[in-house]
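Laboratory data are not the source of any read-out in this text; all were calculated from the coordinates shown. It should be emphasised that the depicted structure is a prediction, and the values quoted were computed from it without experimental measurement.
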Amino acid sequence: MDARAAIDLLGLIIDLVGVAVIVLGTALAGGAALRNLGRADREEAYRGFRQNIGRSILLGLEILVAGDIIRTVAIEPTIDSLVVLGGIVLIRTFLSFTLEVELTGTWPWRRGAAGPQADAGTEMADAGTEIEDGADARRPLSS
């Protein structure tokens, strides 16, 4: 097996891992949501389901981008392949960004003031507790 074939195979394996993370994460999120329906109200179970699916998609997208980078840059980095890679990375980065905003409820540059809320989907964000400056951690997206 030559280097090009090995890199192609490695990229394919990484892509398969990314897809598996999304599929497995979605299945586990569904199982957790069904289990939580008996313990919590429907709205809370639904919110947890969405957050868990979002986390799975975010992680899967990160892995898929890694596979794209390995295949594109390591094999023959031409201008065309780099432009295609740039487009793919931009689209997947935009998807990751919008999913993260959906999960946390705040713009990424606004999370720094929220302290522990910076981790997507933490209990602090769900509980709506007060943060240091006295503002509600679940304030609507603005500025």
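At-a-glance table
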item: Percent of C-alpha pairs per 10 Å bin, region 3-81, short to long; result: 20, 33, 22, 15, 9, 2
item: Amide H contacts under 5 Å for residue 107, placed H, 5+ residues apart; result: 142
